[in-house]
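This report concerns only the one structure given below.
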Amino acid sequence: MPSASSSMRPLRRVAIVGAGWAGLAAAVRAAQGGLAVSVFEASRSGGGRARAVPLPLPDGREVMADNGQHILIGAYSETLRLMRLVGAEPQRLLLRLPLALAYPDGTGLALPAARWLPAPLDAAWGIARARGWPWRARLALLRRALAWQRGGFACGPQASVADLCRGLPGQLLRDFIEPLCVSALNTAMHEASGAVFLRVLRDALFGVRGGSNLLLPRVPLGDLWPEPALRWLQERGARLHMGQRVQGLQAENAGWRVHWQAGDEACSALFDAVILATAAPHAAQLAGEAITPPAWPHAPRLQAWRACAAALRHTAITTVYAQAAPEAIAAAFARPMLALRSGPAAPAQFAFALDAMRLRGAEGNAQQAAEPNAEPNITGLLAFVISNSAGQERQALCAAVAAQAQSQLGLAVNVLRSVSEKRATFACTPALPRPAAAIAPGLAACGDYVQGPYPATLEGAMRSGWQALDQAQAAFP
């Protein structure tokens, strides 16, 4: 917690609007600093776009699934640190595996499991031994990666990922660059930011030992961070206004007044600072409609921030949940996550075998994640992820996924449900103007969309949340 000084705005009471991953990170930091924290969340549960949803099974059981399959990696240092801070142990809750972008036929990239091999040697080793790639393709990728490293993993702001990879063999683009780009930036390589892509490569594949490891959730997303964080906050006296939507903000000399609805009752309270931790469109609306004093000197900055946040283009992601015979899944999935060859008739880019993720220990041994002594809860559940799914009709999408599962995995699946997030991520395009975290004195924003080095990831959200309090305190000229 930064100390108050002439350049900082002293805080006592802080309001966090939104209980997603970023908002809860901001709330935890404020509470750790001894501030009086109030969290407002329109939903009755935390997590935002990374939350758990109930999924009924045909046999009458109900399991908790996720509204999207979020992948964490070993380089997510802030996420792992904050999980530990609130008592959520990553070693128990996450399945750590070497990075693999492998296909059902066994081809593709798989980094070695050897812990003695440091980054980036493990990446070089994985590229050199990639299955199904001719030597010419492997050497081309190694040379290009070395050139990126020599250049400090930097490029011009206007460059796309396709620009960075021009001249690489088509097989590499189809089987490695494109799926890696889609999984990391949620944007197709011809329109994805080359600068952000290189930053992800630097920190993940070519950074610290274990940074490239996949960390697959072995429990519903709510158990990874939102629920432990909410319990931690409640134990420290934070006020949690769940199911209560903030209606408006009002700038006053002493801070910001928050207006919200609690059932049929209209409420308001004054805070020294407010942190907007909602999705960008709602944050833009709250900022743009904020009531400010006449001739307020910060009004132009407030409206400029609103315009920048409102201008972000978003992409949709759909997750199709299906069920198949557990024995058939075990035969089809050599690892819990597989890349799929996608196209107009085969929309999914990745498939996840959820039992393989949730019924294994941190080192891959079979055990129950949350309760080691319980009987394994075999469900036969699969999750298929479709990026850039906007405009695709739901029934046709589910039918196409079922056909893709049959043709690529050899699985006859029963589609149970599809979950679409229309504004799952911002489109991470070259030279994209992203709104700053600081908006006005005592008013800041956090979320994976604010200015930062990363695309729309959980790590970006957590880092922005932890840093938001500094921005709310900062003095403005």
Item to check | Condition check for GLY23: under 18 Å from the mean Cα position of the chain (by Cα), modelled with pLDDT under 95 and on the phi < 0 side of the Ramachandran plot | outcome: no
Item to check | Of all residues in the range 288-300 being in contact (Cβ under 8 Å) with a residue 12 or more places away in the chain and surrounded by fewer than 19 Cβ atoms within 10 Å (Cβ to Cβ), the one that is nearest to the chain's Cα centre (by Cα) | outcome: GLY288
Checklist outcome for this item: Flagged in the range 315-329 as over 17 Å from ALA399 (Cα atoms), out of contact with any helix residue (DSSP H, G or I) (no Cβ under 8 Å at 6 or more places or on another chain) and in contact (Cβ under 8 Å) with a residue 24 or more places away in the chain, in numbering order, are THR315, ALA316, ALA325, ALA328
Checklist outcome for this item: When every residue in the range 266-278 that is buried (at least 21 other Cβ atoms within 10 Å of the Cβ) and not β-branched (Val, Ile, Thr) is compared, the one farthest from the chain's Cα centre (by Cα) is PHE271
Item to check | Unique residue being more than 20 Å from ARG231 (Cβ to Cβ), modelled with pLDDT of 90 or more and surrounded by fewer than 17 Cβ atoms within 10 Å (Cβ to Cβ) when the list is PRO98, PRO58, PRO112, PRO104 | outcome: PRO58
Checklist entry - Looking at (1) assigned to a loop (DSSP other than H, G, I, E, B); (2) within 18 Å of ASP272 (Cβ to Cβ); (3) among the small types (Gly, Ala, Ser), can you tell me which one ALA436 breaks? => result (2)
Checklist outcome for this item: Those residues of the range 434-453 which are touching a Cys at 6+ places or on another chain (Cβ under 9 Å), surrounded by 20 or more Cβ atoms within 10 Å (Cβ to Cβ) and not aliphatic (A, V, I, L, M) amount to PRO435
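Each row is one residue, and each column tells you yes or no for (1) in contact (Cβ under 8 Å) with a residue 60 or more places away in the chain; (2) farther than 24 Å from PRO453 by Cα; (3) among the aromatic types (Phe, Trp, Tyr).
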{"residue": "TRP135", "(1), (2), (3)": "no, yes, yes"}
{"residue": "LEU139", "(1), (2), (3)": "no, yes, no"}
{"residue": "GLU178", "(1), (2), (3)": "no, no, no"}
{"residue": "THR187", "(1), (2), (3)": "yes, no, no"}
{"residue": "PHE206", "(1), (2), (3)": "yes, no, yes"}
{"residue": "ARG209", "(1), (2), (3)": "yes, no, no"}
{"residue": "ARG231", "(1), (2), (3)": "yes, yes, no"}
{"residue": "ARG239", "(1), (2), (3)": "yes, yes, no"}
Checklist outcome for this item: Flagged in the range 207-219 as more than 15 Å from GLU459 (Cβ to Cβ) and surrounded by fewer than 21 Cβ atoms within 10 Å (Cβ to Cβ), in numbering order, are ARG209, VAL219
Item to check | Positions within the range 137-175 being out of contact with any Gly (no Cβ under 6 Å at 6 or more places or on another chain), under 17 Å from ARG199 (Cβ atoms) and in a loop (DSSP other than H, G, I, E, B), in sequence order | outcome: GLY151, GLY152, PHE153, ALA154, GLY156, PRO157, GLN158, CYS165
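The values are calculated or read from the model by the stated rules, or taken from the named source; none is laboratory data. As the structure is a prediction and not an experimental result, all values here were calculated from the model. A quick note on method: Cβ atoms are made from the backbone with ideal geometry, for glycine too, and the neighbour counts reach across all protein chains shown.
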